[in-house]
Each structure stands twice: as structure tokens, then as C-alpha cells.
Amino acid sequence: MPPVMFDELLNRVGPRIKKTDTLFRRALSPGLKLAITLRHLATGDKYSTLQYDFRVARNSISKFLPEVCRAIVDEYKDEVISCPTDPNDWRAIADEFP
């Protein structure tokens, strides 16, 4: 993925996945969460592999990865994912398949 595209995705999704620091720990950066999520989606790497690649605990990855995926879908659903509302639109889609 080109850096420009990653930055654009991070700018749009970052505020949705940003957490606040506490007195006990620093929150993972949105960029790191996004990078881990994209790596998982692109390669299908297991959480245990990602844990060693990014030095983030497996249980943390399993916690934020679905949240980041949901944030990506919520951010882009109106632009990319359109559900037909008219019967003619459904027929046009059905006609594309043999």
C-alpha cells in the first residue's frame, strides 16, 4: 500500500480508533493498530505471528482488530458499499451473473 493511501486511511479512521492514555499504560497508536489490521487482512497472518512482528500482545490484537475493521467499514460504507434499493437495480446486478 502506498504511504499516501495509508495516511489517507489513517486520517479518516484514526479518530474512531484512538484511545486515551491512562496512568497505568500508554494507548497503542492508531497508526500501529491500522498497520497490524491491514497486515492481517492482506496476509491472513495469525495473531501469534503478528505479535512477534509488531511487538504487541496477542490478546491486545484480538481486542482491537475487530474494532479497526468496524471503523473502516463505518467510514467507507457510504462511499464504497451501496445497497440497491430499487428492484431494477437488483435486476441489473442479477443480470451480471450467468
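Annotations for the structure displayed:
- Kirkwood Rh, Cα atoms: Rg over Rh of the chain: 1.12
- Using a cutoff of 8 angstrom between alpha carbon atoms and counting only pairs six or more residues apart, the relative contact order for the chain works out to 24 percent.
- Arranged from fewest to most other beta-carbon atoms within 10 Å of their beta carbon, 47, 76 become 76, 47.
- Degrees, to the nearest 10: 3-17 long Cα axis against longest axis of the chain: 80 degrees
- Taken over the chain, lysine pairs spaced eight or more positions apart, or on distinct chains, with alpha carbons under 18 Å apart number 7.
- The angle separating the long axis of helix 58-76 from the principal Cα axis of greatest extent in the chain is about 40 degrees.
- Electrostatic tally near residue 47: other residues with Cβ closer than 15 Å to its Cβ, Lys and Arg +1, Asp and Glu -1, net +3.
Coordinate-derived values only; no laboratory data. Remember, predicted model here, so these are calculated numbers, not experimental data. Glycine also receives a Cβ, built like all others from the backbone with ideal geometry; neighbour counts cover every protein chain displayed.
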